[in-house]
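The values are calculated or read from the model by the stated rules, or taken from the named source; none is laboratory data. All values derive from a computational prediction rather than experimental measurement. Don't worry about glycine lacking a Cβ; one is built from the backbone with ideal geometry, like all the others, and counts go over all protein chains shown. Just so you know, the surface numbers come from the protein's heavy atoms only, side chains and all, with ligands and any DNA or RNA stripped out. Shrake-Rupley method; radii C 1.70, N 1.55, O 1.52, S 1.80 Å.
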Amino acid sequence: MKKFFVGFAIAWNMLTAIPIFRLHTFKESYMGFSCVSYGIVGFILGAIIYCINLIFQNQNPQVLIKILLFGFYTLSYGALHLDGLFDSLDAIFLKAPREKVLSVLKDPHLGAFSVIFGTLFLITKLDAFVYLNHLLFFVLIAASSRYSVIFSIKFFPYISQGMAKSTKYELKNYHLAVASLIMIVLCTFVYKFALIFLVGSVFFSLFFGFLLTKKFGGLNGDMYGFLIEVNELLMLLASVFFGKYLP
């Protein structure tokens, strides 16, 4: 149990900007358990947004409230995944030999592709969030997008150095099993057909992880953020367009 709670503290520290746990070192043998908690962290963040929305659901204008909620949500995780998204976009859209693409991936400066496509991404995601009628679905989206990325961490090569490399090394199949069981129980408590969200999210993560690996030869920490953000957007769009058909 100690490893689980320490892993949760590490995951919270990594994935949010809310100063509850402040761990400044990453402990060996705990990183696999931190991955178990990725979905739990997302579930908590989504639940916070849902509860705040309940407080203000009868206030007007609702569009402005949704925009402020979206901003608060982005602040709650310190725009960490968005940073990974923007850092990845230049390399993703660059048509050049792999060596050149990888050098662009390491460049901290934003290029034209990042600015253009990143802005379009944010506008689309904000619009989808505003049009999401059943905000309870957002709890599932925030949880499943973070949970599903651990499958890409596990099954695709890592092409950089740093903490994420040790995380991949320590992540075992039983961590995936435990994380899946926790997500099924938590999310089904919120929505009885939550398995639809979980399966769809894992599919998106593996599909885009495969495409990125095909282009770059593997993934890095920025791409994990990219996968989480793209996953959230696709799940938001699916919920907006097909949510009314869900039982």
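In terms of distances greater than 20 angstrom between alpha carbons, the cross-link table entries Lys154/Lys215; Lys125/Lys154; Lys168/Lys192; Lys172/Lys214; Lys154/Lys214 yield Lys125/Lys154; Lys168/Lys192; Lys172/Lys214. Across segment 123-178, the fraction of Cα-Cα pairs farther apart than 16 Å, rounded to a whole number, is 58%. Each part gets one Cα centre, and for segment 38-99 versus segment 153-191 those centres are 21 Å apart. Note on Leu136 and Phe193: the extension gain reaches 19.3 nm, defined as 0.36 nm multiplied by sequence separation minus the Cα-Cα distance.
Would segment 141-247 count as rounded, prolate or oblate if I go by the C-alpha gyration tensor, calling it rounded below 1.5 in a/c and otherwise prolate when a/b exceeds b/c, oblate otherwise?
On the way: a/c = 2.73, a/b = 1.53, b/c = 1.78.
It is oblate, given that a/c is not under 1.5 and a/b is not larger than b/c.
Each Lys or Arg adds one and each Asp or Glu subtracts one; over the other residues with Cβ under 15 Å from the Cβ of Ser180, this totals +3. Expressed as a whole percent, the accessible area of the chain that falls on carbon and sulfur atoms is 71 (1.4 Å probe).
Suppose the chain between Ile67 and Ala79 were pulled fully straight at 0.36 nm per residue; how much longer would it get relative to their current alpha carbon spacing? It would help to have the intermediate numbers written out before the result.
On the way: separation 12, 0.36 × 12 = 4.32 nm, distance 1.52 nm.
Taking Ile67 through Ala79 to full extension adds about 2.8 nm, to one decimal.
For the chain, the membrane-span-like helix rule (DSSP H, alpha carbon extent of at least 18 Å along the helix axis, mean Kyte-Doolittle at least 0.5) picks out 2-15, 38-56, 62-76, 80-93, 112-131, 136-155, 173-190, 195-216, 221-242; this says nothing about an actual membrane. Computed extension length for Ile18-Tyr174: 53.3 nm, one decimal, from 0.36 nm per residue of separation with the Cα-Cα distance subtracted. For the chain, the solvent-accessible area works out to 50 Å² per residue, with a probe of 1.4 Å and every protein chain left in place. Put a dot 7 Å past the Cα of Phe242, heading toward its Cβ, do the same for Ile55, and the two dots end up 3.4 nm apart. Got a sec? Which residues in segment 40-69 would a label at Val185 touch, if it sits 7 Å along Cα→Cβ and we count backbone N under 18 Å? Within reach of a label on Val185: 40-44.
Could you tell me whether segment 171-221 comes out rounded, prolate or oblate from its Cα gyration tensor? Rule is a ≥ b ≥ c as square roots of the eigenvalues, rounded for a/c under 1.5, then prolate if a/b exceeds b/c, otherwise oblate.
Details: a/c = 3.90, a/b = 1.83, b/c = 2.13.
The shape class here is oblate.
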